[in-house]
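The values are calculated or read from the model by the stated rules, or taken from the named source; none is laboratory data. Owing to the predicted nature of the structure, the values given are computational and were not obtained by experimental measurement. Heads up: the accessible areas ignore ligands, DNA and RNA and are worked out on the full protein's heavy atoms, side chains in. Shrake-Rupley method; radii C 1.70, N 1.55, O 1.52, S 1.80 Å.
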Amino acid sequence: GGGCGAAMAEGEALVSVDYEVSGKVQGVFFRKYTQGEAKRLGLVGWVQNSSHGTVQGQIQGPAARVRELQEWLRKTGSPQSRISRAEFSNEKNIKALEHKEFQILK
């Protein structure tokens with residue numbers, strides 16, 4: 001734990017991570033819910049349906065918040081989704097956010 005500092009605590013590392021979620025994740029508003037959760041956490045990045053039935057994208061933001069969204073992608077998702085697997089790759093520290101917002105890509 002630790003105090004209740006501002007959302008963007010001084011010196012809190014920014015990270016970027018790619019993700020891919022498998023299961024029943026297309027046609028169940030998964031992207032819309034992911035965007036909503038990311039915005040709630042103050043994260044940026046993108047989400048899209050892939051051609052092989054998964055949902056994929058990138059998350060960027062303070063490490064602790066990114067962890068929260070990763071947990072959400074693993075366990076929660078949208079109400080009608082059935083997540084079988086969430087994989088994360090290419091995690092790296094970044095100096096600045098590379099996206100302005102969290103977008104749903106077509």
Which numbered condition SER51 fails, given (1) assigned to a strand (DSSP E or B); (2) open to solvent by 70 Å² or more (accessible area, probe 1.4 Å): (1)
The listed residue being open to solvent by 40 Å² or more (accessible area, probe 1.4 Å), at pLDDT 95 or above, among the aliphatic types (A, V, I, L, M) and outside any strand (DSSP E or B), out of ALA38, ALA6, ALA64: ALA64
